[in-house]
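The structure appears right after this line, and notes come after that.
The values are calculated or read from the model by the stated rules, or taken from the named source; none is laboratory data. Since this is a predicted model, take the numbers as computed values, not measurements. Don't worry about glycine lacking a Cβ; one is built from the backbone with ideal geometry, like all the others, and counts go over all protein chains shown.
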Amino acid sequence: MATQTPAKFDINTTLRMNSGHDIPVLGYGVYQTPAAECEEVTLHAFKTGYRHVDSARAYRNEQPCADAIRNSGLKREDIFFTSKVPPKSISYDAAKKSIESTFSQTGLDYIDLYLLHAPYGGKEGRLGAWKALAEAQKAGKIRSIGVSNYGVHHLDELAEYIKTSDVGGTIDVGQWEVHPWLPRNDIVEWCRKHNVVVEAYCPIVRGQRADEPVLKKLAEKHGKTWAQILLRWSLQKGYVPLPKSVTPKRIEQNADIYDFELDQEDMKNLDFPDSYAPCAWDPTTSND
Ligand SMILES: NC(=O)c1ccc[n+]([C@@H]2O[C@H](COP(=O)([O-])OP(=O)(O)OC[C@H]3O[C@@H](n4cnc5c(N)ncnc54)[C@H](OP(=O)(O)O)[C@@H]3O)[C@@H](O)[C@H]2O)c1
């Protein structure tokens with residue numbers, strides 16, 4: 001089941017998606033990573049042990065990510081690469097073009113995961129963009145497909161479309177800002193019901209919660225940093241956290257999260273079910 005929570009984690013732990021493919025549970029985010037340094041820092045991430053890179057057309061760094069994949073010395077099938085249809089390209093034609101551009105820019109033979117970046121473009125645009133993903137998947141270019149920043153109403157709309165048409169495809173992954181101060185329990189519950197893997201972006205809240213007393217207490221208790229506590233929380237919730245850093249030491253620190261465990265009480269201390277405090281944009285509430 002895609003929403004399983006493994007009993008034990010290491011850096012090679014994966015989750016099985018509805019597509020039948022596996023996704024490594026620790027991802028490396030490259031939003032705001034300048035193209036000029038992206039290959040070098042992504043190579044450092046690979047050296048550290050990450051095998052999963054989260055990029056997007058909109059980040060303008062798919063090409064250096066692909067260069068890092070080629071120059072890593074690793075086998076292509078050992079690396080998981082994600083890109084996304086830009087928020088302004090959510091229609092059948094524009095999504096098709098986006099996918100084509102990813103292939104021409106990266107030179108990759110296939111993409112592991114392609115997401116719709118945001119639920120914009122109106123209903124027709126959203127469903128058309130999904131059709132473009134499903135076709136690319138059928139053609140073997142993209143292995144798994146999904147969405148990002150979809151609210152429950154957008155997810156219901158898509159599930160209904162898949163059920164009542166011959167478009168095909170399964171929602172393999174959903175990506176949202178998720179952390180203790182934005183737990184998104186309604187969306188997570190929807191995903192659990194449909195076996196959709198939940199990817200957590202801004203998993204360390206862009207550093208904005210570093211001084212929270214609860215993080216200080218747990219960091220002291222476990223001899224880890226506040227960022228490692230948050231990433232471990234994400235893993236233990238069954239999510240796929242996507243921490244971003246261009247700083248080698250932080251890249252290493254963010255992957256050094258397998259030698260401790262948060263107990264039930266620790267997890268309870270990080271449970272704020274009524275909190276709704278995004279640190280990034282929030283298209284989930286869009287009624288476009
Ligand atoms: N689908 C979407 O709409 C969407 C939106 C946002 C993000 N994302 C994805 O999720 C990834 C992560 O989100 P994000 O980059 O917004 O936020 P984030 O990972 O929560 O935070 C990144 C920030 O924290 C700093 N940082 C990283 N590790 C640290 C550590 N151990 N200690 C202290 N500071 C640390 C980084 O600085 P340095 O880099 O300078 O080290 C950077 O400023 C993105 O890269 C992207 O792949 C997706």
Go through (1) within 17 Å of the chain's Cα centre (by Cα); (2) away from the ligand (no atom under 13 Å from the Cβ) one by one and return the number of the condition residue 52 breaks.
(2)
Scan region 179-197 and give yes if some residue there is near the ligand (Cβ under 8 Å from one of its atoms) and either of a type outside the set (S, T, N, Q) or under 30 Å from residue 87 (Cβ atoms) (or both), otherwise no.
yes
Select, from 271, 263, 256, 282, the only residue that is without any contact (Cβ under 8 Å) to a residue 40 or more places away in the chain and out of contact with any helix residue (DSSP H, G or I) (no Cβ under 9 Å at 6 or more places or on another chain).
263
Looking only at region 217-234, filter to residues that are crowded, with 18+ Cβ neighbours inside 10 Å and in a loop (DSSP other than H, G, I, E, B); which one of those is nearest to the ligand (Cβ to nearest atom)?
225
Working only within region 253-288, note down all residues that are within 13 Å of the ligand (Cβ to nearest atom) and outside any loop (DSSP other than H, G, I, E, B).
253, 254, 255, 283, 284
Which of the following residues is assigned to a loop (DSSP other than H, G, I, E, B), at negative phi and either at pLDDT 95 or above or β-branched (Val, Ile, Thr) (or both): 246, 214?
246
Which numbered condition trips up residue 188, out of (1) under 14 Å from the mean Cα position of the chain (by Cα); (2) over 15 Å from residue 148 (Cα atoms)?
(2)
When both residues are 6+ apart or on different chains and their Cβ atoms are under 9 Å apart, which pairs have a first residue that lies in region 164-178 and is modelled with pLDDT of 95 or more, and a second that is within 16 Å of the ligand (Cβ to nearest atom) and among the basic types (Lys, Arg)?
175/84; 176/184; 177/184; 178/184; 178/237
Would you call residue 139 free of Cβ contacts under 8 Å to residues at least 24 places away in the same chain and among the aliphatic types (A, V, I, L, M)?
yes
Can you tell me how many residues in region 58-83 are in contact (Cβ under 8 Å) with a residue 12 or more places away in the chain and more than 17 Å from residue 37 (Cα to Cα)?
8
Qualifying residue in region 26-44 (condition: among the small types (Gly, Ala, Ser) and at pLDDT below 95):
no
Residues of region 24-37 satisfying the condition of being within 11 Å of the ligand (Cβ to nearest atom) and more than 25 Å from residue 232 (Cβ to Cβ)
34, 37
For residue 54, only one of the following conditions fails: (1) out of contact with any Leu (no Cβ under 6 Å at 6 or more places or on another chain); (2) acidic (Asp, Glu); (3) over 22 Å from residue 288 (Cβ atoms). What is its number?
(1)
Name the residues in region 110-125 that are touching a Ser or Thr at 6+ places or on another chain (Cβ under 8 Å) and under 15 Å from residue 99 (Cα atoms), would you?
111, 112, 113, 114, 115, 116, 117
Take residue 114 and tell me if it is modelled with pLDDT of 95 or more, in contact with a strand residue (DSSP E or B) (Cβ under 7 Å, 6 or more places away or on another chain) and either among the small types (Gly, Ala, Ser) or surrounded by fewer than 19 Cβ atoms within 10 Å (Cβ to Cβ) (or both).
no
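A quick yes/no check of all residues on (1) β-branched (Val, Ile, Thr); (2) within 14 Å of the ligand (Cβ to nearest atom); (3) within 17 Å of residue 115 (Cα to Cα):
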{"position": "5", "(1), (2), (3)": "yes, no, no"}
{"position": "10", "(1), (2), (3)": "no, no, no"}
{"position": "13", "(1), (2), (3)": "yes, no, no"}
{"position": "39", "(1), (2), (3)": "no, no, no"}
{"position": "44", "(1), (2), (3)": "no, yes, no"}
{"position": "48", "(1), (2), (3)": "yes, yes, no"}
So which residues in region 96-128 are of a type in the set (Gly, Ala, Ser) and under 19 Å from the mean Cα position of the chain (by Cα)?
98, 118
Is one or more of the residues making up region 235-243 within 9 Å of the ligand (Cβ to nearest atom) and either over 25 Å from residue 149 (Cβ atoms) or out of contact with any helix residue (DSSP H, G or I) (no Cβ under 6 Å at 6 or more places or on another chain) (or both)?
yes
